[in-house]
1. May I have the extent of the alpha carbons of segment 1-60 along their three principal axes, as whole Å values ordered from largest to smallest?
2. Residue farthest toward the positive end of the dipole of segment 12-129, with Cβ of Lys/Arg at +1 and Asp/Glu at -1: which of Gln123, Ile44, Val90?
3. What accessible area per residue comes out for segment 31-129, rounded to a whole number of Å², with a 1.4 Å probe?
4. Taking the chain as the reference, fit the longest principal axis to its C-alpha atoms, fit the long axis of helix 36-59 to the helix C-alpha atoms, and give the angle between the two in degrees, 0 to 90, nearest 10.
5. With everything on Cα atoms, drop me the angle between helix 118-128 and the longest principal axis of the chain, reported from 0 to 90° to the nearest 10.
6. If I stretch the segment between Ser65 and Ile110 completely, what's the gain in nm (0.36 nm per residue apart, minus their alpha carbon distance), one decimal?
7. Suppose we keep just the alpha-carbon trace of the chain; what are its Rg and Dmax in angstrom?
8. Which angle between 0 and 90 degrees, to the nearest 10, do you get for helix 66-81 versus the longest principal axis of the chain when only C-alpha atoms count?
Amino acid sequence: DIRNCLIDFNEYLKGILQQILDSYKTLTELNDKPDDLHIIKQEISKIIGLFLVTKNKLEGKKNQSDSFVTIYKLFSYYIETYDFSREVDVLAQVYYKDSDRLKNLRLVIIDSLNDNQLIEKLQTILNKL
């Protein structure tokens, strides 16, 4: 029945949002050591992947709640606006031991996730679900 589907999707979405927030928290807690580049790459890839999967799942849904519409818009905007793959690759090849460059990249990524209050809005939506 449709209510069970919606409840299941809400639970699914809760799990996704929690993973995104956990990855964000991991990024904020790094100490900018050379090994952290691997973690940064892993966490931003996970976040982007979760954004894409969620955006695609929401694309075909009808009668969406305000929360779903907000998530869809935020994730679409982020995917279209930010791509750190090139910066991560350059850092990995040339500057992987430079903690200042690592810190700058990490802070730019964290700032990007705060653009349009994305993380704050995700936390609010997660609390509502």
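1. The Cα atoms of segment 1-60 stretch 51, 18, 11 Å along their principal axes.
2. Gln123
3. Spelled out: the 1.4 Å probe surface of segment 31-129, per residue, equals 60 Å².
4. Between helix and principal axis, roughly 20 degrees.
5. With both axes taken from Cα atoms, the answer is about 40 degrees.
6. Contour length minus Cα-Cα distance gives 13.5 nm.
7. Final numbers for Rg and Dmax: 16.0, 55 Å.
8. 30 degrees
The values are calculated or read from the model by the stated rules, or taken from the named source; none is laboratory data. Computed from a predicted structure; not experimentally measured. Don't worry about glycine lacking a Cβ; one is built from the backbone with ideal geometry, like all the others, and counts go over all protein chains shown. Ligands, DNA and RNA are excluded from the accessible area calculation, which covers all protein heavy atoms including side chains. Shrake-Rupley method; radii C 1.70, N 1.55, O 1.52, S 1.80 Å.
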